[in-house]
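Chemist: Shown below is the structure under consideration.
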Amino acid sequence: MASWREIDRVRKDANGARELAQRLLKIYPGELTEWELDFLQSITSYAELFEFTTRQAEKLLEIRDDTEPVTQYRGFSIARMIRQCYEARLDLSEADEQWIVELHQRDSRSIRRRHLKRLLDCARDLGIIDDDAA
């Protein structure tokens, strides 16, 4: 979660916000939802804008944070957690099993922050991690 100071800085720096939106569009086009794509494209299309609203800056930073790759979480290796979930996948729901299989087939060593909660939930369901651990 972005701090108020960072949100305010981005809100007041329209050029910096545009550059961040362009970078996110270039690096993570397949990871973004349709709404996020539209939002980022609208930011890059602003020709003359001197300030963003607080909410716009907050959403821009939220998109940035959600697309960030995570390789470890609180001492847990994401690659190891994916492998362990894959090995015990038959005890998951069909949707979660399919998702874990896809992650494992990609040989993922990291996961996008937006998907971290789902992986942790699967690991908890399978007894790989405790409720207290994450």
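Chemist: Would you point out which residue out of Arg18, Arg5, Arg11, Arg23 is of a type in the set (Lys, Arg) and within 21 Å of Arg112 (Cα to Cα)?
Modeler: On the way: Arg18 fails: within 21 Å of Arg112 (Cα to Cα); Arg5 fails: within 21 Å of Arg112 (Cα to Cα); Arg11 fails: within 21 Å of Arg112 (Cα to Cα).
Just a single option satisfies the conditions, and that option is Arg23.
Chemist: Of the conditions (1) small (Gly, Ala, Ser); (2) surrounded by 12 or more Cβ atoms within 10 Å (Cβ to Cβ); (3) modelled with pLDDT of 85 or more, Ala14 clears all except one; give me its number.
Modeler: (3)
Chemist: Give segment 62-78 a look and list any residue that's surrounded by 14 or more Cβ atoms within 10 Å (Cβ to Cβ) and assigned to a helix (DSSP H, G or I), or say none.
Modeler: Hits for segment 62-78 are Glu62, Ile63, Arg64, Asp66, Thr67, Ile78.
Chemist: Of all the residues that make up segment 51-61, how many are buried (at least 16 other Cβ atoms within 10 Å of the Cβ) and in contact with a helix residue (DSSP H, G or I) (Cβ under 7 Å, 6 or more places away or on another chain)? Spell out how you get there, then give the answer.
Modeler: First, the residues of segment 51-61 that are buried (at least 16 other Cβ atoms within 10 Å of the Cβ): 52, 56-61.
If we keep only those that are in contact with a helix residue (DSSP H, G or I) (Cβ under 7 Å, 6 or more places away or on another chain) too, we end up with 52, 57-61.
Going through segment 51-61 one residue at a time, the tally reaches 6.
Chemist: Checking the structure you have, find out if any residue of segment 117-124 is touching a residue at least 24 places away in the same chain (Cβ under 8 Å), closer than 22 Å to Lys12 by Cβ and within 17 Å of the chain's Cα centre (by Cα).
Modeler: no
Chemist: Identify, please: which residue in segment 106-134 is loosely packed, with under 12 Cβ neighbours inside 10 Å and closer than 26 Å to Leu32 by Cβ and is, among those, modelled with the lowest pLDDT? Steps first, please.
Modeler: First pass over segment 106-134, keeping only residues loosely packed, with under 12 Cβ neighbours inside 10 Å: 106-107, 117, 127, 130-132.
Now narrow it down to the ones that are closer than 26 Å to Leu32 by Cβ: 106-107, 117.
Working: Arg106: 86, Asp107: 80, Lys117: 91.
Going through the qualifying residues, I end up with Asp107.
Chemist: Quick one: which residue in Leu103, Leu25, Leu32, Leu90 is under 15 Å from the mean Cα position of the chain (by Cα) and either farther than 30 Å from Ile128 by Cα or loosely packed, with under 11 Cβ neighbours inside 10 Å (or both)?
Modeler: Numbers: Leu103 fails: either farther than 30 Å from Ile128 by Cα or loosely packed, with under 11 Cβ neighbours inside 10 Å (or both); Leu32 fails: either farther than 30 Å from Ile128 by Cα or loosely packed, with under 11 Cβ neighbours inside 10 Å (or both); Leu90 fails: under 15 Å from the mean Cα position of the chain (by Cα).
Exactly one of Leu103, Leu25, Leu32, Leu90 is under 15 Å from the mean Cα position of the chain (by Cα) and either farther than 30 Å from Ile128 by Cα or loosely packed, with under 11 Cβ neighbours inside 10 Å (or both), namely Leu25.
Chemist: Something else about it: Just checking, which of Lys59, Lys117 is within 23 Å of Ser3 (Cβ to Cβ), in the same structural domain as Lys12 (by TED's automatic domain parsing) and either assigned to a helix (DSSP H, G or I) or among the hydrophobic types (A, V, I, L, M, F, W, C) (or both)?
Modeler: Values: Lys117 fails: in the same structural domain as Lys12 (by TED's automatic domain parsing).
Just one listed residue meets the conditions, Lys59.
Chemist: Another one. Which residues, taken from segment 17-41, are closer than 13 Å to Arg64 by Cβ, assigned to a helix (DSSP H, G or I) and at pLDDT below 85?
Modeler: Ile27, Glu31
Chemist: Please find, among Thr67, Thr44, Thr33, the residue that is of a type in the set (Val, Ile, Thr) and touching a strand residue (DSSP E or B) at 6+ places or on another chain (Cβ under 8 Å).
Modeler: On the way: Thr44 fails: touching a strand residue (DSSP E or B) at 6+ places or on another chain (Cβ under 8 Å); Thr33 fails: touching a strand residue (DSSP E or B) at 6+ places or on another chain (Cβ under 8 Å).
On inspection, the qualifying residue turns out to be Thr67.
The values are calculated or read from the model by the stated rules, or taken from the named source; none is laboratory data. Predicted model, so just to flag it, every value in this text is computed and none were measured. Backbone-built Cβ (ideal geometry, glycine too); neighbour counts: all protein chains shown.
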